[in-house]
């Protein structure tokens with residue numbers, strides 16, 4: 001049977017994620033700056049093992065049974081407490097939260113709930129590729145907004161919204177998607193004034209802000225910036241996850257929003273998976289009851305800060321002499337964004353990098369239109385200190401070989 005002839009239009013348009021493909025590479029000699037994979041040594045495996053035994057043996061009537069679509073109320077209670085204590089977000093109840101299978105399901109549900117082929121949604125340039133992929137399955141029209149250390153270009157966004165209003169299509173603009181802290185892939189944090197300006201635009205032009213914050217707890221230095229949700233809880237839907245601060249294998253994500261939005265997204269989730277795993281939800285809840293999560297992740301933050309410092313020095317030592325090169329100096333999170341001379345195409349260079357036994361994500365993957373081909377995303381969280389240094393040497397060799405083959409002078 002010809003399966004291709006049976007595929008839906010949506011299925012035909014789905015492209016394989018380069019990150020997921022990279023994670024399949026098992027060559028032990030390869031040094032990967034690719035996926036934002038947490039260091040497994042940071043997982044509280046001994047504590048989780050004890051609690052896992054307890055929640056299965058003593059709470060089996062809940063943990064081994066079907067759960068509610070909206071999620072475990074015990075986990076919600078603990079997460080609301082964390083939001084009050086660490087994000088100054090108050091007056092939430094269980095109806096303001098929806099537990100998801102990681103942030104990726106939350107992104108998919110956002111697309112499923114708000115987007116269709118007539119819709120517009122805003123994304124940054126560059127954009128987290130898995131978010132763009134989730135939204136693209138609904139076939140919307142993207143408005144791509146430049147991102148810099150000053151935040152998103154709100155003037156450009158407003159100019160596009162004015163055009164929509166002039167065409168009587170403003171009601172079709174559903175949301176602006178932003179990663180507010182330590183952006184994936186750009187590594188930057190939106191300044192406070194930029195966040196406030198985005199809220200002003202959302203109120204003026206009546207759209208949702210979809211605030212994704214998977215890395216906010218992993219701040220190494222600098223001053224914490226209030227979440228957009230904390231400044232406007234009715235207009236903003238916030239996505240969060242325990243994947244980077246507890247364990248990605250738990251697959252625990254959270255959507256926080258007004259009750260109407262959460263209800264609609266829960267209805268969409270019913271047809272997707274019925275419910276998240278009660279085992280991992282209750283395991284996470286009991287861990288949060290027993291341990292101070294933010295005390296627990298202090299060693300993780302110190303480890304990632306040290307790796308980031310080693311990586312930044314290795315970049316300066318190996319790439320600093322290239323004219324026109326630049327990279328972001330992240331104050332937290334897992335990534336930096338490298339920009340090379342314009343003549344270099346990092347997707348084209350990728351096969352050479354594989355031969356040199358070093359991996360990165362070509363920047364082209366992080367754009368919905370007009371990609372900057374001379375860019376790449378690099379993650380410093382998983383490799384060892386020695387691998388960070390050696391990997392950067394391999395990357396420089398790759399760049400030199402590519403430029404020699406292309407006749408490019410650095």
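FYI, it's all coordinate maths here, none of it is from the lab. What you see is a predicted model; the values in this text were computed from it and never measured. No Cβ is skipped: glycine too gets one built from the backbone with ideal geometry, and neighbour counts run over all protein chains shown.
Can you list the helices (runs of 4 or more DSSP H) found entirely within the stretch 41-138 that contain at least 3 residues being under 20 Å from the mean Cα position of the chain (by Cα) and within 30 Å of residue 11 (Cβ to Cβ)? Steps first, please.
On the way: elements: 45-57, 60-63, 73-87, 102-114, 129-136.
Output list reads 102-114, 129-136.
Screening residue 333 against (1) within 19 Å of the chain's Cα centre (by Cα); (2) at negative phi leaves a single unmet condition, (2).
Scanning the stretch 310-346 for residues that are closer than 19 Å to residue 189 by Cα and loosely packed, with under 15 Cβ neighbours inside 10 Å yields a count of 2. Are any of the residues in the stretch 150-157 in contact with a strand residue (DSSP E or B) (Cβ under 9 Å, 6 or more places away or on another chain), surrounded by 15 or more Cβ atoms within 10 Å (Cβ to Cβ), in contact (Cβ under 8 Å) with a residue 40 or more places away in the chain and not in a strand (DSSP E or B)? Scanning the stretch 150-157 turns up at least one residue that is in contact with a strand residue (DSSP E or B) (Cβ under 9 Å, 6 or more places away or on another chain), surrounded by 15 or more Cβ atoms within 10 Å (Cβ to Cβ), in contact (Cβ under 8 Å) with a residue 40 or more places away in the chain and not in a strand (DSSP E or B). Candidates are the residues of the stretch 158-192 that are assigned to a helix (DSSP H, G or I) and in contact (Cβ under 8 Å) with a residue 40 or more places away in the chain; the one that is farthest from residue 376 (Cα to Cα) is 165. In the condition set (1) part of a loop (DSSP other than H, G, I, E, B); (2) under 15 Å from residue 314 (Cβ atoms), residue 391 is compliant with all but (1).
Residues in the stretch 111-125 that are touching a residue at least 60 places away in the same chain (Cβ under 8 Å) and out of contact with any strand residue (DSSP E or B) (no Cβ under 6 Å at 6 or more places or on another chain): 112, 113.
Give all pairs with beta carbons closer than 9 Å in which a residue from the stretch 305-326 that is within 12 Å of residue 341 (Cα to Cα) meets a residue that is assigned to a helix (DSSP H, G or I); count only pairs at least 6 apart in sequence or on separate chains. Filtered contacts from the stretch 305-326: 319/392; 319/395; 319/396; 319/399; 322/396; 322/399; 325/315; 325/319.
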